[in-house]
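Data first, discussion second: the structure below is written as structure tokens.
Nothing in this text is a laboratory measurement; each read-out follows from the coordinates by a stated rule. Everything quoted here is computed from the prediction, not taken from an experiment. We place every Cβ from the backbone using ideal geometry, glycine too, and count neighbours over all the protein chains shown.
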Amino acid sequence: MDRLWKQFFGEAPLVRTFAEEWTPTVDISETENKLLIKVELPGMDEKDVNVSISGDLLIIKGEKEKEEEEKDEHYHCIERCYGSLQRSFRLPFNVQADKVEATFDKGVLKIMLPKVEEAKKKQIEIKVNK
């Protein structure tokens with residue numbers, strides 16, 4: 001029954017709120033020359049995030065601290081996520097690890113992973129016999 005409930009409504013914010021780990025949303029796209037990963041990390045700074053590559057695995061780790069509650073403040077609803085985060089992605093091809101760039105702007109982490117020459121698409125000319 002719980003599985004059906006989650007399939008229909010998704011995971012309830014109340015359930016995520018009290019978890020010690022949360023999962024940020026991610027967009028992954030590819031161009032001819034690179035793989036681009038965008039990770040939404042609202043309320044975080046670049047110093048709170050660590051990006052590393054181990055073999056063909058990209059690992060993103062971080063921690064979002066919970067804001068201190070004021071003495072007379074009583075919450076009616078908490079939907080924002082706090083705690084540690086970790087996402088790992090198996091890279092679909094080899095990348096130039098020494099040329100990977102990561103930027104952080106307005107709560108969005110962008111990781112640009114340049115492809116190695118062998119991973120780039122190559123157009124093959126078809127010859128017609130006459």
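Pairs to check: 47/115; 38/122; 38/61. Give those whose C-alpha atoms are more than 21 Å from each other in this structure. Long pairs (Cα-Cα over 21 Å): 47/115; 38/122. Peptides 65-75, 34-44 ordered by packing proxy, namely the average of other Cβ atoms within 10 Å per residue, highest first: 34-44, 65-75.
Length gained on full extension, residue 94 to residue 69: 4.4 nm, using 0.36 nm per residue less the C-alpha separation.
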